[in-house]
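Every read-out reported here was derived from the displayed coordinates using simple, explicitly stated rules and does not represent laboratory data. Note that the structure is predicted; figures quoted are calculated from it, not measured.
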């Protein structure tokens, strides 16, 4: 199969769908990989790394879309890419169709085989391509929250971990799923006093075994939530 990797063109999207290690694996299995020049720069991967892994570098996105039997992306195709999609071509990416009727109609009209990362599910019910994004979201939430507590960003000037003589910040997390658990790890690691609420006692028991001691776990109900706010 010919696998194509175009550069992401959605605003503020710097990721790339396939890293050089992935190229090497695909080429080793007998596939050909086309990578648009500069596709990996935003993620720190130079063109030469892709070439060394066995990819063929092409200068334009149209070259990728025209030749690839499967196109792998990070984000959904945006309007300038819609005319490039062709019937029978596999496009593997995050689609999030519910958020865009025009995208949904464009995909139907094109006749591509659309495989959405967010719908890939293991027999266990886990979503292996959504989980990493949730892990990132949970950790980034605390990082961004800490930044906006700074006075320069209009915050109250509270340091999450405090300093000797000053209490650390209090962080409340509602929900102990992948996002919440990773947010709790991050906030606790920075020294904050963390409280996490969840509706599942089984989940709370699990989190009690894996989270540090400065995370308090509470059953989520209206009373406990109001007490913590």
Once every Cα of the range 74-206 carries one equal point scatterer and solvent is ignored, give the base-10 log of I(q)/I(0) from the Debye formula at q = 0.11, 0.17, 0.18, 0.23 Å⁻¹, two decimals. -0.60, -0.93, -0.97, -1.26
Mean ellipticity per residue at 222 nm, deg cm²/dmol - from DSSP H runs of n ≥ 4 across the chain, formula -39500 (n - 2.57): -10500 deg cm²/dmol
Radius of gyration and maximum dimension Dmax of the range 2-119, Cα, Å: 13.6, 40
Per-selection Kirkwood Rh - the chain (Cα, Å, 1 d.p.): 20.5
Part-to-part distance (alpha-carbon centres) for the range 177-220 and the range 35-70, which is given in Å: 41
When the chain is treated as a GNM, springs tying every alpha-carbon pair under 10 Å, which of 148, 50, 94 comes out with the largest mean-square fluctuation? 148
